Each structure stands twice: as structure tokens, then as C-alpha cells.
Amino acid sequence: MYTNIVIALAPTDTAREAYDQGLELARALGAAVQLVCAFDEADDDGTARRHAESRLEAAAMPLTAAGMTVTTHALPGDPARALVRVAEETGADLIVVGNKGAQGALRVLGSVASTVLAQAPCAVLVVHTT
């Protein structure tokens with residue numbers, strides 16, 4: 001079924017729920033995981049990149065210790081574009097995102113989920129987090 005799953009790592013409740021469910025699915029299927037953490041590309045001194053890399057390393061260590069195949073990606077710019085880029089570059093067959101991000105009465109999905117759905121080269125699982 002799914003053998004290569006892209007999952008975002010971000011400091012929000014929505015992202016955390018999608019991350020947890022994405023990992024649960026990857027474990028059950030024995031799929032490889034592509035962990036993605038986007039950071040502000042306006043970061044001039046490298047602090048944001050180092051922070052993203054540190055978060056990814058901390059998240060990946062227990063997964064690899066448990067025998068999972070995990071690759072980390074710290075990328076500058078928009079989180080949705082980073083997820084799509086990693087999916088394209090790694091031949092992923094699933095991207096997992098949360099359903100909520102942007103606010104507003106007319107907003108059905110968050111901006112990250114909406115963009116990923118529109119641009120993804122593979123299936124997208126939108127996790128209901130609200």
C-alpha cells in the first residue's frame with residue numbers, strides 16, 4: 001500500500017496530531033518516513049535552520065532506534081511547498097497533514113492542507129484534528 005510517507009514536524013497541536021497518526025500508519029505498514037521541518041528563509045544567522053535540524057534529529061532518534069527508516073529534511077520557506085517538494089524528490093506515495101491551520105468562516109481546510117492537496121504528486125491523508 002504505502003511505502004514512503006511524508007510527515008511534517010511543526011510546533012502546533014494540529015501538526016502534532018497529524019504527525020502522531022502519520023507515524024502510527026507508517027509503523028503499521030512498515031513504511032519509510034520522510035520527516036519535514038520548514039523554517040523561515042529570512043533567517044540570516046542560521047538559527048532557524050539549526051533549530052529545525054535539532055527538532056528533526058530529536059524526533060528521528062527514537063524512530064530509528066525502533067527500527068524505522070527515517071530521513072529528515074530541514075527546508076527553508078513555506079511548509080506546504082516543503083512537503084510537496086520532499087514528496088516529489090523522494091517518490092513518496094503519501095503525505096500526511098492536519099486539516100486546520102488558517103482561520104475564518106469560509107475556510108474548510110487550513111492553508112497548508114489546501115496547498116498540499118492542490119499540488120501533491122501523490123495521495124494525501126488529511127487528519128481531522130479539530
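Since every read-out is calculated from the coordinates, none of them should be taken as a lab result. Note that this is a predicted model, so its numbers are computed, not measured. Heads up, the Cβs are rebuilt from the backbone with ideal geometry, glycines too, and the neighbour counts pull from every protein chain shown.
Within 10 Å of each residue's Cβ, count the other Cβ atoms and sort Val84, Val33, Val124 from fewest upward.
Numbers: Val84 23, Val33 26, Val124 18.
The fewest-first ordering by Cβ neighbours comes to Val124, Val84, Val33.
Fewest to most neighbouring Cβ within 10 Å: what's the order for Met68, Met61?
Ascending number of Cβ neighbours within 10 Å: Met61, Met68.
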Taking amide H atoms as placed 1.01 Å from N in the peptide plane, list the residues 5 or more away in sequence, or in a different chain, whose amide H sits under 5 Å from that of Val70. Val33
Estimated FRET transfer efficiency (Met1, Asp78; beta-carbon r; R0 22 Å; 0.05): 0.15
Label-to-label distance, nm, for residues given as Arg50 and Thr90 (7 Å Cα→Cβ offset): 2.5
Can you list residues from other chains, or at least 5 along the same chain, whose modelled amide H is less than 5 Å from the amide H of Thr3? Asp93
List the residues, sorted by chain then number, that are 5 or more residues from Val127 or on another chain and whose placed amide H is less than 5 Å from its amide H. Val97, Gly98, Asn99
Any idea what the relative contact order of the chain is, in percent, if you count C-alpha pairs under 8 Å spaced at least 6 apart? 29
